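Here, each number is a calculation from the coordinates, and none is a lab measurement. Values in this document were obtained by computation on a predicted structure and should not be read as measured data. A quick note on method: Cβ atoms are made from the backbone with ideal geometry, for glycine too, and the neighbour counts reach across all protein chains shown.
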């Protein structure tokens with residue numbers, strides 16, 4: 001026997017038990033006095049087993065209802081000897097002192113979707129999934145949604161539109177099966193909200209939580225004093241027992257769940273709470289929540305040491321920012337939060353998300369503070385850096401130039417923010433291929449930072465590292481190596497060996513060692529850096545992917561072609577997923593993979609990938625003379641030569657050589673690689689005398705620039721010897 005009893009009030013309880021007596025055809029059911037029928041039911045239950053009695057929606061065991069509390073009036077009707085099962089359902093968790101408490105969890109995503117599809121007869125899986133997510137997988141809310149779709153004969157997609165626009169109105173619609181028509185999600189929680197308001201501070205705590213993200217709300221947000229905090233929250237922050245009482249009241253009525261560190265509020269509870277507030281109180285609590293999160297969010301959010309705290313607070317940042325903009329409160333604090341959260345996302349390599357936040361911060365600061373305010377200019381600089389990280393070098397360059405001009409006018413030439421703009425502009429110029437302009441601006445910035453900040457300041461070291469990388473790109477390898485050694489020593493001393501910025505300097509030094517021909521030591525360094533970056537930054541961080549790319553390139557040059565190809569392919573897939581197909585980093589890895597394929601004899605595959613990379617670089621960089629584009633042209637010429645397309649290769653080598661001499665100079669290592677390739681093509685075409693002249697020219701410059709023991713120099717010596725042998729044979 002299974003029987004369901006409405007237990008909220010004594011009258012409904014007695015009436016439903018009398019109905020049970022009638023259903024079991026007990027003689028007492030015919031009597032006018034329902035208490036006789038209830039007594040007969042109790043005796044029957046005491047004498048039988050295999051029954052389940054469900055007492056639904058009981059209030060708290062000590063809650064006064066009429067003359068008796070539920071625990072008292074239930075004791076009058078329940079069997080004294082129980083051979084079956086009694087199940088009490090309640091929104092009041094204080095029953096745990098009287099019975100074994102089982103907390104009902106939400107439905108799983110798959111359960112909720114399946115329920116909605118069955119309840120509505122719909123086949124729209126996508127709409128069902130979105131409705132279920134918006135309703136937070138709450139069973140009663142899902143039943144209401146299904147009932148409303150059935151009653152009105154609308155589609156799940158139409159219901160989804162209504163739910164998005166009017167969530168609280170939707171929660172009041174739909175007649176759940178086997179329940180009082182008025183017993184909806186909205187009314188159910190409204191009763192709990194009225195009861196919890198009797199505990200001082202509990203309603204205020206819940207109202208503040210309604211403007212945060214629903215999950216993992218840190219308790220510490222409410223236990224520390226904050227400027228401008230509402231007086232109700234000040235009491236909770238200064239009296240730990242008052243805070244405990246408020247949390248206990250919310251737990252009692254199942255309005256929150258809690259751990260010792262966090263609170264969680266169902267998103268529908270949040271919606272009902274917000275909707276129940278006046279417009280003035282909505283603005284009041286949206287502003288209060290913004291101030292709480294602003295005070296808690298760490299300064300220096302791009303520092304790895306703050307990342308755990310930033311990660312925990314980021315959902316709450318996004319929530320309060322959204323509410324602040326909807327209700328028109330705290331614009332300056334909102335912009336600050338957007339800026340700091342954007343810096344955090346940028347430092348984690350999540351550039352697209354960072355760009356959106358920096359754009360919002362810049363718009364708010366420009367409107368509220370003016371275009372020339374230092375905070376507005378900082379947002380402009382941060383947005384420019386994010387564009388550069390996304391590979392939009394021209395957009396970044398334009399914004400950095402605008403920021404630098406304004407900072408020189410508003411601040412001064414020696415202001416730290418001005419020097420930051422100079423450094424960033426130089427870095428962007430280098431990535432646009434303007435190497436000499438970049439070097440000159442880096443040198444100016446470095447001199448100013450050394451004078452103002454000192455040699456060991458992290459900002460000074462950052463410019464020094466950038467200058468070293470620029471000198472390497474210009475082919476000044478020994479000068480780059482010396483700067484790298486000084487920079488790395490400074491970073492280790494100031495930041496520590498595993499700091500992400502120190503790892504950038506370590507990686508730069510390893511790349512320079514690679515260019516200097518010290519392949520085995522460079523490989524060891526890259527293996528160490530990759531392991532550390534995976535541990536510190538994660539597998540998919542853009543800087544981790546640079547380490548993977550650099551290690552793959554070392555393997556290729558050490559003739560570990562299979563290992564190189566596999567690592568290039570893994571890196572390429574990750575960069576396409578994390579960045580984009582057209583990102584400059586992705587194109588670097590496409591280029592590296594094509595080189596590995598050519599060196600492994602897969603010539604046609606290499607040719608196709610080089611053609612694709614060159615076409616994309618021309619489109620993205622928009623410049624035939626960009627060093628990256630010229631690198632693709634040179635490699636395509638080498639691949640065509642390997643395929644026997646000698647005249648095409650010769651023409652492309654000549655075109656690349658003229659451009660590299662103009663852009664990089666006659667002595668640049670990459671210019672010399674084009675000379676080397678042209679000499680080999682002359683040899684293949686039978687122009688041995690011309691091949692001899694070009695190889696001799698290349699060897700002379702390589703000895704002077706790279707030294708006698710560099711692998712490139714040794715390659716020139718070997719090929720020159722072969723040409724001389726061929727001429728001797730003639």
Quote the relative contact order of the chain in percent (integer), defining contacts as alpha-carbon pairs under 8 Å separated by 6+ residues.
5
Shape call for the chain, from the Cα gyration tensor axes a ≥ b ≥ c (a/c under 1.5 means rounded, otherwise prolate when a/b beats b/c, else oblate), comes out prolate
Can you put 616, 544 in order of Cβ neighbours within 10 angstrom, beginning with the fewest?
616, 544
Please state the shape class of the stretch 646-730: rounded when a/c is under 1.5, otherwise prolate if a/b exceeds b/c and oblate if not, all from the C-alpha gyration tensor.
oblate
Contour minus Cα-Cα distance for residue 697 and residue 646 (0.36 nm per residue)
16.2 nm
The stretch 2-97: antiparallel bridges as % of DSSP beta bridges, rounded to 5, reads 10
Mean separation of Cα contacts under 8 Å (at least 6 apart) over the residue count of the stretch 340-437, i.e. the relative contact order in percent, is 20
Just rank 491, 344, 148, fewest to most, by other beta-carbon atoms within 10 angstrom.
148, 491, 344
Counting helices only, and only those DSSP H runs with n ≥ 4, report the 222 nm mean residue ellipticity of the chain as the sum of -39,500 (n - 2.57) divided by its residues, in deg cm²/dmol to the nearest 500.
-22500 deg cm²/dmol
FRET efficiency (residue 153, residue 309; Cβ distance; R0 60 Å; to 0.05) is 0.75
Sorted from fewest to most neighbouring beta carbons within 10 Å, what does the list 610, 397 look like?
397, 610
Computed over the stretch 286-335, the relative contact order (Cα-Cα under 8 Å, seq sep at least six) in percent reads 49
Gap in Å between the Cα centre of the stretch 284-327 and the Cα centre of the stretch 449-478?
35
Given the peptides 87-93, 381-387, 299-305, arrange them by the average over their residues of other C-beta atoms within 10 Å, most packed first.
381-387, 87-93, 299-305
Please work out the C-alpha center-to-center distance from the stretch 207-235 to the stretch 607-664 and express it in whole Å.
60
Between residue 704 and residue 444, what is the label-point separation in nm under the 7 Å Cα-to-beta-carbon projection?
3.1
Using mean Cβ contacts within 10 Å as the protection proxy, how do 108-116, 461-469, 353-361 order, highest first?
461-469, 353-361, 108-116
Label the stretch 397-462 by shape, choosing from rounded, prolate and oblate, from the square roots a ≥ b ≥ c of the eigenvalues of the Cα gyration tensor; if a/c is under 1.5 it is rounded, and otherwise prolate applies when a/b is larger than b/c, oblate when it is not.
oblate
To test your reading of the geometry: what angle, between 0 and 90 degrees and rounded to tens, separates the Cα axis of helix 500-515 from the longest principal axis of the chain?
30
In what sequence, highest mean first, do 32-40, 75-83 appear when ranked by Cβ atoms within 10 angstrom?
32-40, 75-83
As an exercise, take the mean of 1/r over every pair of distinct alpha carbons in the stretch 425-556, invert it, and state the Kirkwood radius in angstroms.
14.9
Considering only DSSP beta bridges whose two residues both sit in the chain, what percent are antiparallel, to the nearest 5?
35
Need the C-alpha centroid separation for the stretch 673-697 versus the stretch 489-532, integer Å.
36
